[in-house]
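Structure, as structure tokens:
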Amino acid sequence: MGLTHGWTTFASPADALISVLYLVLFYTGPGMFRTYLTLRTANAWTHVWAYHAIAPHTLVDTPMFVRIFGIRG
């Protein structure tokens, strides 16, 4: 699924290689661990909290969206 993300580029063979390597290095390990936890605990909430709530991209993106859209608490 990461091949369709906005950060991937296939403009040149080097760009394609870097995109695929990034995907393998940064998505494969966490994805396997997340799958293992979800299957081992038989609890989909493990997946939700491990990836969608407490994930680096969530922690970085949330303040950005708050700033862009002027969300106030």
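The values are calculated or read from the model by the stated rules, or taken from the named source; none is laboratory data. In this text, all values refer to a predicted model and were calculated from it rather than measured experimentally. No Cβ is skipped: glycine too gets one built from the backbone with ideal geometry, and neighbour counts run over all protein chains shown. Side chains included, ligands, DNA and RNA excluded: accessible areas come from the protein's heavy atoms. Shrake-Rupley method; radii C 1.70, N 1.55, O 1.52, S 1.80 Å.
A probe of 1.4 angstrom, applied to the heavy atoms of all protein chains, finds VAL20 with accessible area near 60 square angstrom. Loop-located chymotrypsin sites (Phe, Trp or Tyr not before Pro) in the chain (DSSP state not H, G, I, E or B) with no more than 16 neighbouring Cβ atoms inside 10 Å: TRP7, PHE10.
At a probe size of 1.4 Å, how large is the accessible area of ILE68, to the nearest 10 Å²? Its heavy atoms expose roughly 100 Å² to the probe. Across the chain, counting alpha-carbon atoms alone, Rg and Dmax equal 15.7, 46 Å.
Only helical DSSP H runs with n ≥ 4 go in: add -39500 (n - 2.57) per run for the chain, normalise by residue count and round the 222 nm mean residue ellipticity to 500 deg cm²/dmol. Don't jump to the answer; show the numbers that get you there.
On the way: 4 runs with 42 residues, N = 73.
Taking each H run of at least 4 residues, the total per residue is -17000 deg cm²/dmol.
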